[in-house]
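Working notes for the structure below.
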Amino acid sequence: MSEKIALITGATGFLGRQVVKVFAFHDWIVKGTGFSRADGVNILKVDLANAAEVEKTLEQVKPQVVVHCAANRFPDKVDADPSGTRALNIEASRALARHCARLGVLLIYISTDYVFAGRPGEAPYEADAATGPTNLYGQTKLDGEEAVLGAFRDAGREGWGVVLRVPVLYGEVEGGRNDESAVNCLMDVVLGKGGKTGEVKMDHWALRYPTNTEDVARVCYDVAVRYLSEADKASLPRVLQFSSEDKYTKYEMCQLFGEIMGVPIDRIVPNTEGNDPNASVQRPYDCHLSTKALKELGIDVSTQDFVGWWRRECRAFRH
């Protein structure tokens, strides 16, 4: 490959920004797709729901790899807009995969640990374990996986499309917007920002494995290099999984943030009751992902230390 080109969907988003950075660091030409924050130069304005726009972009950019980060990824927002979510998470992914398959472009589809039921005692889940989403978000991402892999299978290009499942993410946000992450936003709760000064019930039931966006981006790059270098792509796994081994409930993360910032969290009350049976979004208990498939490919699955990253981010080096 003389000229290495990557196209990142959702390039202005929480994960997409880091994926752009890692490919650029390795001297790839990187183009991204966006919409409201597109600059028309490095971030191209593309409506992913418009198959013709997607096809035109692929033919103009001529990437070797597309990393598909764009998605509606917040479970509550998914429930509020099910049709829009299906259009982006499933149908846009299917159309993108069909075009990539036709053009011989590697596609890495970012998925989620929420494709699993997360019942007590089942985790860690291997990549080929039985799925069973508990909410619409997980179902649309699972349907997106099947749409992407099916498109490459139908085109006779198995192995050119690969799924990468990841858990809840944390990392660098843009403009102090901690609401980009279901982890980072807990810092705002701890600090009482945004009017969150009264008593807050915080989940102390579901187990989560917060993973840094920089680490996920590095793995995306490593997967791209590994798959592009393999002549017999059909011999490679179609589904990969990446996760930190750091394990916390949301309440435990709040405890940690309080300790790092030196503030009490007395008003944050642990809630050990689990899912409210009347809630529209049911969250799994433990969806810990096995990284076995990545290890077997020789890809580094180490991650940044959760506590260490937050101490540096907050400039809090107390022990």
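Please report the relative contact order for the stretch 228-319, taking Cα pairs under 8 Å with a sequence separation of at least 6, and give it as a percent rounded to a whole number.
Relative contact order here is 42 percent.
Enumerate the whole-percent occupancy of each 5 Å bin, from 0 to the last occupied one, for all C-alpha pair distances of the stretch 1-143.
Reading upward from the zero bin: 2, 10, 18, 21, 18, 14, 9, 5, 2, 0.
When a/c is below 1.5 the answer is rounded, else prolate if a/b is larger than b/c, else oblate, so apply that to the stretch 255-319 with a ≥ b ≥ c taken from the square roots of the Cα gyration tensor eigenvalues.
oblate
Once the other residues with Cβ under 15 Å from the Cβ of TYR221 are scored (Lys, Arg +1; Asp, Glu -1), what is the net sum?
Once positives and negatives cancel, what remains is 0.
Put one equal scatterer on each alpha carbon of the stretch 166-211, apply the Debye formula with no solvent term, and list log10 I(q)/I(0) at q = 0.15 1/Å to two decimals.
-0.43
Considering only protein heavy atoms, what per residue accessible area in square angstrom results for the stretch 89-142 with a 1.4 angstrom probe?
35 Å²
Would you mind calculating the relative contact order of the chain from Cα pairs under 8 angstrom and at least 6 residues apart, reporting the percent as a whole number?
Reported relative contact order: 19 percent.
In the chain, what % of DSSP beta bridges are antiparallel (nearest 5)?
Bridges in the chain that DSSP calls antiparallel: roughly 5 percent.
Taking θ = phi - 60°, what integer Hz values does the Karplus form 6.51 cos²θ - 1.76 cosθ + 1.60 yield along the stretch 98-106, in sequence order, with x for Gly and Pro?
Running phi through 6.51 cos²θ - 1.76 cosθ + 1.60 with θ = phi - 60° gives 4, 5, 4, 4, 5, 8, x, 10, 5 Hz.
Working from the alpha-carbon coordinates of the stretch 208-319, get Rg over Rh, Rh being the Kirkwood radius.
Ratio of gyration radius to Kirkwood radius for the stretch 208-319: 1.08.
Dipole of the chain, Cα-centred, from +1 at each Lys and Arg C-beta and -1 at each Asp and Glu C-beta, to the nearest 20 debye?
520 debye
Give me the extension gain from LYS62 to VAL263: residue separation times 0.36 nm, minus the current Cα-Cα distance, reported in nm with one decimal.
67.3 nm
Is there a pair in LYS21/LYS250; LYS77/LYS141; LYS31/LYS77; LYS141/LYS201 whose C-alpha atoms are over 18 Å apart, and which pairs would that be?
LYS21/LYS250; LYS31/LYS77; LYS141/LYS201
Counting other Cβ atoms within 10 Å, keep those with at most 14, restrict to DSSP loop, and tell me which GluC sites (Glu not before Pro) in the stretch 1-98 are left.
Here the GluC sites (Glu not before Pro) that fit, given the DSSP loop and packing criteria, are GLU3.
Sorted by accessible area with a 1.4 angstrom probe, largest first, how do ARG267, ARG86, ARG208 fall?
Solvent-accessible surface, decreasing: ARG86, ARG267, ARG208.
Given H placed on each backbone N at 1.01 Å, which residues far from GLN241 in sequence or on other chains put an amide H within less than 5 Å of it?
ARG165, ALA293, LEU294
When the chain is treated as a GNM, springs tying every alpha-carbon pair under 10 Å, which of GLY198, GLY16, GLY138 comes out with the largest mean-square fluctuation?
GLY198
Got a number for carbon plus sulfur as a percent of the chain's accessible area, 1.4 Å probe?
About 49 percent, which is the carbon plus sulfur part of the accessible surface.
Multiply the residue gap between SER36 and GLU273 by 0.36 nm, knock off their C-alpha separation, and tell me the result in nm, one decimal place.
My answer for the length gained is 81.3 nm.
Would you work out the relative contact order for the stretch 26-166, in percent, from Cα pairs under 8 angstrom that are 6 or more residues apart?
Normalised by residue count, the contact order of the stretch 26-166 is 25 percent.
Note down the Stokes-Einstein diffusion coefficient of the stretch 35-113 in µm²/s, whole number, using a Kirkwood radius over alpha carbon pairs, 37 °C, and 0.692 mPa s.
The diffusion coefficient I find is 246 µm²/s.
Report CYS287's accessible area, 1.4 Å probe, all protein chains in place, as a number in Å² to the nearest 10.
Approximately 10 Å² of CYS287 is accessible to the 1.4 Å probe.
Average projected area of the Cα convex hull of the stretch 1-76, in nm²?
Projected over every direction and averaged, the Cα hull of the stretch 1-76 covers 5.4 nm².
Using a 1.4 Å probe, what is the accessible area per residue for the stretch 244-291, in Å²?
Per-residue value: 49 Å².
When N is the residue count of the chain, what does its C-alpha Rg come to as a fraction of 2.2 N^0.38 Å?
Ratio of Rg to 2.2 N^0.38 Å for the chain: 0.99.
The values are calculated or read from the model by the stated rules, or taken from the named source; none is laboratory data. Since this is a predicted model, take the numbers as computed values, not measurements. Quick reminder, even Gly has a Cβ in these numbers, built from the backbone with ideal geometry, and neighbours come from all protein chains shown. Please note that ligands, DNA and RNA were not included when accessible areas were found on the heavy atoms of the full protein model with its side chains. Shrake-Rupley method; radii C 1.70, N 1.55, O 1.52, S 1.80 Å.
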